[in-house]
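Asker: Sharing a structure here in structure tokens format.
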Amino acid sequence: NAAVAVGPQARSVPPQGHGIRTAAGEDPDPVRPGGSRHTRIVSDALRAAQSITDENSEARALAAVAGALAVTDPGRAARIIADAERVAQSIPDADRKAAALAAVAGALAVTDSDRAERVARSIPGACLRAPALAVVAAALAATDADRAARLIADAERVARPIPRASLRAPALAAVARALAVTDPGRAGRLITDAERAAQSIPDADRKAAALAAVVEALAATDSDRAERVARSIPGASSRAPALAAVARALAAADPGRAAHPVTA
């Protein structure tokens, strides 16, 4: 058993996941009678994340748990996200590493924008680096508009030269989502470019996935257009979540109207 320092003493812990101890020795909180539902769910989520043997999946799961703790226990969230980053950096495959680091950057964006930006800029693939930079920019928009604008500009510069339309369209859509509140006109132009790229994709499955990303970006600012694009998606596996994204946006904008029962 490995020894992990906890306070002034060290304790023995069993190996976890693929051998990297999660969250610097962080154990799920024991379930106590009367404990909060949030605590129980987080403990179960952390326990599940620690059992994952695939590095990409483990890093993304740990990042998700850290996100759930960001408001209620930022110190613990920071320890878990540190381990998620360590796991992500250990992944040898560039594409899988990029996906894991993007999840880490997203989880960090709200609580540690400097570190989130460093992680985002370290992502090897442009198709995931651009959305990660956009997520950090969106988190900064209310507190540091100048820095957010620079990050958005960087994200767009990274996204536009992506040669494959199936990768460029979702990246441009992600940048547009980050701009939706602060610069809706520019966001609309980016969405138009993203939709044009998506419509040019010959492969039906990749086209459907790219159009679904366009719908996600459109839903909050132009629900009518988002619905039209969603209904045009050829594959049900992408059309259903795209329509659901439009429904979520409508519910957020008008909860009373959205509360009417759906008839099958």
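The values are calculated or read from the model by the stated rules, or taken from the named source; none is laboratory data. What you see is a predicted model, and the numbers here were worked out from it, not measured in a lab. Backbone-built Cβ (ideal geometry, glycine too); neighbour counts: all protein chains shown. SASA here: full protein model, heavy atoms, side chains in, ligands and nucleic acids out. Shrake-Rupley method; radii C 1.70, N 1.55, O 1.52, S 1.80 Å.
Asker: Treat the stretch 78-205 as a sphere of radius equal to its Kirkwood radius over Cα pairs and apply Stokes-Einstein at 25 °C in a medium of 0.890 mPa s; give the translational diffusion coefficient in µm²/s, rounded to a whole number.
Answerer: On the way: Rh = 14.7 Å.
The estimated diffusion coefficient comes to 167 µm²/s.
Asker: Just check the stretch 138-263 against the gyration tensor rule for me: Cα atoms, a ≥ b ≥ c as the square roots of the eigenvalues, rounded for a/c under 1.5, and otherwise prolate or oblate depending on whether a/b exceeds b/c.
Answerer: Judged from the Cα gyration tensor, the stretch 138-263 comes out oblate (a/c at least 1.5, b/c at or above a/b).
Asker: Here's another thing I want to ask about it. Quote the convex hull volume per residue of the stretch 55-122, based on C-alpha atoms, as a whole number of Å³. Spell out each step's value before the answer.
Answerer: On the way: hull volume 4.0 nm³, N = 68.
Dividing the Cα hull volume of the stretch 55-122 by its residue count gives 59 Å³.
Asker: Multiply the residue gap between L250 and R40 by 0.36 nm, knock off their C-alpha separation, and tell me the result in nm, one decimal place.
Answerer: Here the segment from L250 to R40 would lengthen by 72.4 nm.
Asker: Spin-label point model (7 Å from Cα, Cβ direction): what's the A240 to R150 distance in nm?
Answerer: 4.5 nm
Asker: Let me ask something else about it. With point charges of +1 on the Cβ of Lys and Arg and -1 on the Cβ of Asp and Glu, referenced to the Cα centre of the stretch 32-94, which listed residue (Q50, A84, T72) lies farthest in the positive direction of the dipole?
Answerer: Working it through, the farthest residue towards the positive pole turns out to be T72.
Asker: In the stretch 148-264, what percent of the accessible surface is made up of carbon and sulfur (1.4 Å probe, ligands and nucleic acids excluded)?
Answerer: Values: 3460 of 6320 Å².
The C+S portion of the solvent-accessible surface of the stretch 148-264 is 55 percent.
Asker: Calculate one ³J(HN,Hα) per residue across the stretch 158-173 by plugging θ = phi - 60° into the Karplus curve 6.51 cos²θ - 1.76 cosθ + 1.60, and present them in order as whole Hz with x for glycine and proline.
Answerer: Calculated HN-Hα couplings, in order: 6, 6, 4, x, 4, x, 8, 4, 5, 9, 5, 4, x, 5, 5, 4 Hz.
Asker: State the Cα centre-to-centre distance between the stretch 154-213 and the stretch 62-129 in whole Å.
Answerer: 23 Å
Asker: Here is a follow-up. Please go through the stretch 142-227 and write out the trypsin sites (Lys or Arg not before Pro) that DSSP classes as loop and that have at most 14 other C-beta atoms within 10 Å.
Answerer: Qualifying residues, ordered by number: R164.
Asker: In the neighborhood of A180, defined by Cβ-to-Cβ distances under 11 Å, what is the net charge if each Lys or Arg adds +1 and each Asp or Glu adds -1?
Answerer: -1
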